[in-house]
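Please treat every number below as a calculation from the coordinates, not as lab data. If you're wondering where the values come from, they're calculated on a predicted model, not measured in any experiment. FYI the Cβ positions are ideal-geometry reconstructions off the backbone, even for glycines, and counts take in every protein chain you see.
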Protein chains: 2
Amino acid sequence: MKFFQVKTVEETFSLIDEMINPLTETETKPLYEALHYILAENIKVKENVPAFRRSSVDGYAVKAKDTFGSSESMPGFLTVAGEVKMGEQPERALADGEAIYVPTGGMLPETSDAVIMIEHCEDLSGLLNLYRQVAPGENVISIGEDLKEGEQLLTAGMKLRSQELGALASQGITEVTVYRKPVIGYLSTGDEIVPIETKELAIGQVRDMNGITIGSLVSEWGCEFIYGGIIEDSREELERQAKEMLEKVDCLILSGGSSVGTKDYSVEVIDSLGAPGVFVHGVSIKPGKPTILASANDKPIIGLPGHPASAIVIFHLFGKAILHKLQGWIREEKNLARAIVTKNLPSTPGRSDYIRARLFFEDNQWYAEPIIGKSSLISTLVKSEGLIEIPSRSEGVLKGDLVSVRLFG
Amino acid sequence: MKFFQVKTVEETFSLIDEMINPLTETETKPLYEALHYILAENIKVKENVPAFRRSSVDGYAVKAKDTFGSSESMPGFLTVAGEVKMGEQPERALADGEAIYVPTGGMLPETSDAVIMIEHCEDLSGLLNLYRQVAPGENVISIGEDLKEGEQLLTAGMKLRSQELGALASQGITEVTVYRKPVIGYLSTGDEIVPIETKELAIGQVRDMNGITIGSLVSEWGCEFIYGGIIEDSREELERQAKEMLEKVDCLILSGGSSVGTKDYSVEVIDSLGAPGVFVHGVSIKPGKPTILASANDKPIIGLPGHPASAIVIFHLFGKAILHKLQGWIREEKNLARAIVTKNLPSTPGRSDYIRARLFFEDNQWYAEPIIGKSSLISTLVKSEGLIEIPSRSEGVLKGDLVSVRLFG
């Protein structure tokens, strides 16, 4: 049996970064099914976008120099020499003193170098009155201005959002190589835990809420979830079922059984599943101190506290970080709001506190109202939209202080 | 033909709120499939959670008065009178001067009123040394403290997140009534638009990026998407296909064709699809001015600008609001960050500007770095994580000002 010192939150995040490796298997996905997958290849721009000089407005293609000096009080004049149709090539180049109508997205005639918006001119029977001047390049999108051939378009490790899929579509790329979704297995431990379908609870029993809360977060964060059910509280059963599940999945979550109770063999079982074994046993955090993190033959194992609310908090912090790492997602945490706290929140230096909070916007500023309640209360989470973070170096925050809030999805 | 004044962004949001009604059809979903659906019923707590007095720590159940005065220097003493097993009833009540071991989540013996953590006491062969005192109720979760029978648990119009599903599971509720997912149809217009599968573009052609970007956002925001393809630029075809699609869906999106170009009959076609017809034609916004919003027989129709990046911006604002309203989701917008802008951004009063921005966290503060580029550039969106909002009453913002940023998902 190894001995562990309780880790700080910062140390725990560093260890996750060090110990967890991304999955390497990839798969090919059609663009229409690739949303939120993590890209596994670098993609260069293979075609300029736009492929031709386009107008960014409805207006007239001109030679900019022909418009110089035009104004409301002293309009310039040009001859309207035709029209460019959408999706078609202009019939001819522009001569000096001419203007050709071009719709938004239409192709510019050769020798034109700017577009004057229809709002700024008037076609009087073929004579275009110009009420302002335009500079060369004005209202023109030049070849490759959006995406330039040969440049990096997307890099491996990016999450594919709507705009990335759009950029790929612009290139005629209809399939991408992505990392396959990690499969996450879940087992619940504890003699008091019964299936959620249980109609009548016997005295002392509770339903397996963590199965559904943790399962939902796993799906929300882009992984597959396998619910392995509830294991009776025996070391042999836990060992047998954890081993069996671990063979089928990329990461195993054990709920409950991580407190320092008399029946607490879960850390030993977790440590026995493979090398290097447990690397975090206890985190200096409230709630969620009895958290266990391990790695067995490169598969992460997460021992969550049994309290439903503590389990959600811990999973939002460390579970999310582990799942993202496993997915191959290279990201910075952007889901961190800054808000003014509405109550004093004392804390113990050396321990990180995560306090559930409701957010509201008033006078152009976000406020975080702490929802106070015991760590086991799911009702406090239903009222909350995020977690106020009080770092371990802090003695707490005062009403009116600006705090960081980790937002729920 | 009706005539329209350009609306402000604020007016447009008010009109959406006024003109769009939620779908009324509901369906029953098992809890495991209900994530992110909108609840269509009010649900009351039917069973107290917890149903029995539980310990929130590993420790000893005591009578608080028996611990009074105990300290590190003057420990108190109690007799250890057994152990409560998880999921089981205590064998007997607690007598004066006794302590009974109880694990986290375990049921408290009758007559006990507090729990002392194992860290704060020591069992010396049946004699428990107490190194501190506990107050009545300390480390105890009382009956119904989390969820109290008869109280409101969840209300119709809430989005079901992991914690709401957990709260339902705690009650043994395994099915919920939710609003069915709205079905959103999409048609692209424009002679220059070709399918994204097109290998070689002819001069003047562009691929239908909006089909995939808008489709992705529709799925991301919890609706079904039907891609109806590209319509050749003729009034008759648009009218025929728009009518046909509208019969199959709850909301229709038309991409392109909303500029004031010569071929612009799309507003007339949209207006002809049903009463009350077009209610927004043109918004004082950059980018995305030629936005059209309509309602035909209670089905919303959204005319998006053809520029891919403008279409995404407009869809993030008005499309999202319409889809949420349609879903029956009663919510405040929480996806609004506050950040310090890193550049001056001039704007025209009377017009709202949405500037794409990258976010970064430095010195405990969020910064928004504007990504400057023409409204048509998808590349600027790939680099962005949100949109800086410059309201219509503002003349712009200065470097160092605090601004609101609408975050992408």
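In the neighborhood of B:P75, defined by Cβ-to-Cβ distances under 15 Å, what is the net charge if each Lys or Arg adds +1 and each Asp or Glu adds -1?
-4
Looking at chain B, the DSSP beta bridges with both ends there are about 70 percent antiparallel. Sequentially through region B:8-15, phi angles give Karplus couplings (6.51, -1.76, 1.60; θ = phi - 60°) of 7, 4, 5, 4, 4, 4, 5, 5 Hz, Gly and Pro residues having no value and appearing as x.
Region B:364-409 and region A:333-405 have Cα centres separated by 26 Å.
The same position B:N344 in the other copies lies at 4.5 nm from this copy, comparing label points 7 Å beyond Cα toward the beta-carbon, shortest first. Pairs of Cα atoms in chain B fall into 10 Å distance bins, from 0 up to the last occupied one, in shares of 4, 18, 20, 17, 13, 10, 9, 6, 2, 0 percent. Radius of gyration over Kirkwood radius for region A:336-407, both on Cα atoms: the Rg/Rh ratio is 0.95. Legend: mean number of C-beta atoms from other chains within 10 angstrom of residue C-beta atoms, peptide B:197-206, equals 6. Here the contact order of chain B, divided by its residue count and restricted to Cα pairs under 8 Å and six or more residues apart, works out to 17 percent.
Taking 20 Å as the straight-line reach from the Cα of A:K44, the aspartates and glutamates in range (excluding those fewer than 8 positions away in the same chain) are A:E27, A:E145, A:D146, A:E149, A:E151, A:E164, A:E175, B:E197, B:E200, B:D208.
Model label sites at B:K199 and B:D298, defined 7 Å from Cα along the beta-carbon direction, differ in position by 4.9 nm. Assuming a ≥ b ≥ c are the square roots of the Cα gyration tensor eigenvalues, decide whether region B:283-347 counts as rounded (a/c under 1.5), prolate (otherwise, with a/b larger than b/c) or oblate. The shape class here is oblate.
Seen from all sides and averaged, what is the projected area of the convex hull of the Cα atoms in region B:215-303, in nm²?
6.0
Adding -39500 (n - 2.57) for every DSSP H run of four residues or longer, then dividing by how many residues chain A holds, sets the calculated 222 nm ellipticity at -5000 deg cm²/dmol.
Backbone phi angles across region A:354-360, fed through the Karplus curve with coefficients 6.51, -1.76 and 1.60 (θ = phi - 60°), yield HN-Hα couplings of 10, 10, 4, 9, 9, 10, 9 Hz in residue order; Gly and Pro are listed as x. Eigen-decomposition of the gyration tensor built on the alpha-carbon atoms of region A:284-409 gives equivalent ellipsoid semi-axes of 26, 17, 14 angstrom, largest listed first.
Between the helical axis of B:235-248 and the longest alpha-carbon principal axis of chain B there is an angle of about 20 degrees. The relative contact order of region A:54-141, computed from alpha carbon pairs under 8 Å that lie at least 6 residues apart in sequence, is 44 percent. A convex hull fitted to the Cα coordinates of region A:1-73 yields 310 cubic angstrom per residue. Residues whose amide H falls under 5 Å from that of A:E385, counting only those 5 or more places apart or on a different chain, are A:A357, A:R358, A:L359, with hydrogens built in the peptide plane. Taking square-rooted eigenvalues a ≥ b ≥ c of the alpha carbon gyration tensor, is region B:136-209 rounded, prolate or oblate, where a/c under 1.5 means rounded and, failing that, a/b exceeding b/c means prolate? It is prolate, given that a/c is not under 1.5 and a/b is the larger ratio. Placing a label point 7 Å from the Cα of B:E25 along the Cα-to-Cβ direction, the distances to the matching points in the other copies come to 3.8 nm, shortest first.
More than 19 angstrom separation, counting every C-alpha pair in region B:54-141; what % is that? Pairs farther apart than 19 Å: 25 percent.
Compactness of the protein assembly as shown was expressed as the Cα radius of gyration divided by 2.2 N^0.38 Å, which yields 1.10.
Using amide H atoms built 1.01 Å from N in the peptide plane, name the residues 5+ places from A:I285, or on other chains, whose amide H lies under 5 Å from its own. Long-range HN contacts for A:I285: A:S352.
Indicate, rounded to the nearest 5 percent, the antiparallel portion of the DSSP beta bridges found entirely in region A:336-407. Around 90 percent of the beta bridges assigned by DSSP in region A:336-407 are antiparallel ones. Potential lengthening of the chain between B:T111 and B:L127 amounts to 3.8 nm, from the contour at 0.36 nm per residue minus the alpha-carbon distance. Ranked from shortest, the separations from the 7 Å Cα-to-Cβ label point of A:G409 to its equivalents in the other copies are 1.0 nm.
Summary of the geometry: region A:32-95 and region B:83-135, compared by the centres of their Cα atoms, lie 79 Å apart. Tell me the angle of helix A:209-220 to the major Cα principal axis of chain A, expressed in degrees between 0 and 90 and rounded to the nearest ten. So the helix axis and the longest Cα principal axis differ by about 30 degrees. Amide H contacts of B:I253 (H built 1.01 Å from N, in plane; Pro and chain starts excluded): B:G185, B:Y186, B:L187, B:I302 sit under 5 Å, all sequence-distant by 5 or more or on other chains. Taken as Cα centroids, region A:271-300 and region B:164-192 sit 36 Å apart, rounded to the nearest whole angstrom.
Across region B:17-31, computed HN-Hα scalar couplings (Karplus, 6.51 cos²θ - 1.76 cosθ + 1.60, θ = phi - 60°) run 4, 7, 8, 9, 10, x, 5, 9, 5, 10, 8, 9, 10, x, 3 Hz from first to last residue, x flagging Gly and Pro.
Per residue of peptide B:268-278, the mean number of Cβ atoms on other chains within 10 Å of the residue Cβ is 0.
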